[in-house]
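Structure first, commentary second.
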C-alpha cells in the first residue's frame, strides 16, 4: 500500500505504524487528531482485526471520533477513562526538548487535556516537523467568542511586552467565516517567527481572560517517532526513559 502514497504520506504512514506497536492489550489510549493521527487509527484498527488487540480509545476531536467509530474501535470518554496509559498524537513542530506546537487542526484544547491526562504522550511526525526553536508554525490560541476582540488586543499587548516584533495575531478563518472549534470557540493564530521562551509565553497567554488554551505543549511529550519517506521510522525517548 505504501508504494501508492505520496512521499509525505509515506512518512506519516511509517511513524504511525511504528507508534501503533506501543499499544498493548487492556490499555486506555488517547487518539490524536490530524493527518498523521489518521494513520494511527488506521493501523490500530488493522491490529484489532488481524491480532485481536483489545484497547479502549479516547478521541481528541469529533473528526477522530468519527474515523474511529467507522473503524469499529471501542471508545470511551475522558471522564470515564480517568488516567490514560498512553496518548499518541501528531505535532506541527517539536524542538530538541520535545516541546511542541499543536493546534493546526484546531483541536489542541482536547488534545492537551488528553495528553496531560496520560502516563505517556508520544508524538508521531515526519522529519520536517523538527526545529531548533519553536515559532515558525503559527501558534494557535483558542478564545471564547465573547469578548474575542478584547482578548486579541490583550494578546497583542502581551507580545509587545515580551519584545516580540513584526508579529501578527490573526483570527483563523474557514470558508470566509471564523473557524469554530469543537467547543464552539474561535482561534487566533500568532505568527511570531521564533518563540524565545515557550514556557513563559504558554503561562502568560493562559492568564488572559477569554483565552481558553494555547497550542504550546511543554514538558508532556515523552517520545517522538519520526517517519521517513522511504517507509522507515525511528523513535527517541526523552531522557532515554521508556
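The values are calculated or read from the model by the stated rules, or taken from the named source; none is laboratory data. This structure is a prediction, so every number in the text was calculated from the model and none was measured. For neighbour counting, all protein chains shown are included, and Cβ atoms are generated from backbone atoms with ideal geometry for every residue, glycine included.
Before moving on, here are some points about what is shown:
- Residues in segment 1-38 that are without any contact (Cβ under 8 Å) to a residue 60 or more places away in the chain, assigned to a helix (DSSP H, G or I) and crowded, with 21+ Cβ neighbours inside 10 Å: 0 in all.
- Within the option set 131, 122, being in contact with a helix residue (DSSP H, G or I) (Cβ under 9 Å, 6 or more places away or on another chain) and modelled with pLDDT of 95 or more holds for one residue only, 122.
- Condition check for residue 212: surrounded by fewer than 20 Cβ atoms within 10 Å (Cβ to Cβ) and touching a residue at least 60 places away in the same chain (Cβ under 8 Å): yes
- Any hit, segment 64-75, residues being in contact (Cβ under 8 Å) with a residue 60 or more places away in the chain, within 11 Å of residue 32 (Cα to Cα), crowded, with 22+ Cβ neighbours inside 10 Å and not assigned by TED's automatic domain parsing to the domain that holds residue 144: no
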